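To start, the structure itself, in structure tokens.
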Amino acid sequence: MNKSIFLLLALSLLVSCGPGTKKNGTESEQEIIPLAVEEFLSDAGPFVDKNVNISGTVVHVCRHGGQRMFLVGENGEERIRITTGEDIAEFNIELEGESIEVKGIVKELIIDETYLAEWEAELLEGSKHERGEGHEGGVGHGDHHGDDAAETSSEEDHEDAEAEEQLKNQLANIQSVRDEIAVSGDDHLSDYWIETLEFVVIKE
């Protein structure tokens with residue numbers, strides 16, 4: 001996946017890791033398409049919303065909830081994202097280093113100007129709330145005095161600086177994706193991943 005898109009999604013944490021899509025009872029009945037990691041990375045578009053079977057080595061399991069893991073193929077370079085599904089609450093970190101076979105559904109997130117503009121607005125609005133703008137009782141209302149006030153002010157300044165830097169980085173990533181969309185000649189970019197139905201560890 002493109003580096004800028006990866007950074008963008010990693011910062012926003014907006015990629016879905018929720019329930020699977022077997023709600024209509026049809027996905028499990030679909031034909032399962034064998035798919036290589038390299039084939040997925042080359043062109044996943046034709047497989048969106050289809051059941052696939054893919055094998056690879058787990059190189060990372062996310063520590064925050066265990067709802068994402070990453071597979072690499074034979075070349076061991078580029079990786080694909082695998083998320084939990086309806087029947088899988090989380091992935092165990094002990095899967096790291098294991099070869100596994102995954103049956104899942106290919107998913108797509110379309111990243112266009114509407115998506116980016118909405119996210120940008122949310123970031124800016126969130127930043128305003130964190131600074132206490134437009135709300136009574138925000139920072140600067142004289143709730144502390146003396147040395148305690150000076151210490152609190154210093155801590156708040158440090159936190160504000162960190163938040164401002166994070167916001168700056170997120171906005172820069174959004175602009176980077178805008179630039180990529182412009183260069184691509186299309187009106188959007190796509191991020192693909194596989195939502196797991198089931199998986200097994202491949203024994204040697």
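Quick notes on this one:
- Complete set of residues in the range 94-112 that are farther than 14 Å from L197 by Cβ and either part of a loop (DSSP other than H, G, I, E, B) or over 18 Å from the mean Cα position of the chain (by Cα) (or both): E94, L95, E96, G97, E98, S99
- Residues in the range 58-71 that are closer than 16 Å to G104 by Cβ and either not assigned by TED's automatic domain parsing to the domain that holds W193 or not in a loop (DSSP other than H, G, I, E, B) (or both): 6 in all.
- So E136, is it over 29 Å from Q166 (Cβ atoms), surrounded by fewer than 18 Cβ atoms within 10 Å (Cβ to Cβ) and at pLDDT below 95: no
The values are calculated or read from the model by the stated rules, or taken from the named source; none is laboratory data. Note that the structure is a prediction, hence the values are computed from the model and not measured. All Cβ positions, even for glycine, are placed from backbone atoms using ideal geometry, and neighbour counts span all protein chains on display.
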